[in-house]
Amino acid sequence: MYSPFEYNIIMENIATKKMKDLRARTGLSQSQFAKRFHLSIKTLQGWEGGIKRTPGHILYMVERILDLEERIEKENPDPKTDDCHKNRKECRK
């Protein structure tokens, strides 16, 4: 069993890793990620560096946004890159 102090440290480490993983999933730099989600670059650096505590609701919302974007991409492929739209004659078959 963990003490409350140990538990908080573990949870902070998990949140730090989660934020890094979410940003890595986008392939964006810290600066780009911060702009995309309307965050201060210093705040993001603090979260990823474990200096500041990442709020759970922020992790949740960023993850949901990324999940929805991926789902939309799968359901509605970009017509510029979709094979069906490259050759419209094949689409009509």
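Overview of values
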| read-out | value |
| --- | --- |
| Sequence of 61, 11, 1 from largest to smallest accessible area, 1.4 Å probe | 1, 61, 11 |
| Net charge, residue 47 excluded, C-beta distance under 13 Å - Lys, Arg +1, Asp, Glu -1 | +4 |
| Projected label distance in nm at residue 67 and residue 6, using a 7 Å step from Cα toward the beta-carbon | 3.1 |
| Largest-first ordering by accessible area, 1.4 Å probe, given options 73, 48 | 73, 48 |
| Distance violations [Cα-Cα > 21 Å] among 17/74; 17/52; 18/74; 18/42 | 17/74; 18/74 |
| With every protein chain in place, the range 1-73: carbon and sulfur % of accessible area (1.4 Å) | 59 |
| Residue-count net charge about residue 29 - beta-carbon cut-off 12 Å; Lys, Arg +1, Asp, Glu -1 | +2 |
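The values are calculated or read from the model by the stated rules, or taken from the named source; none is laboratory data. A quick note: this is a predicted structure, and the numbers were derived from the prediction, not measured. Cβ sites come from the backbone with ideal geometry, for glycine too, and all protein chains shown count toward neighbours. Protein only, heavy atoms only, side chains kept; ligands, DNA and RNA dropped before computing areas. Shrake-Rupley method; radii C 1.70, N 1.55, O 1.52, S 1.80 Å.
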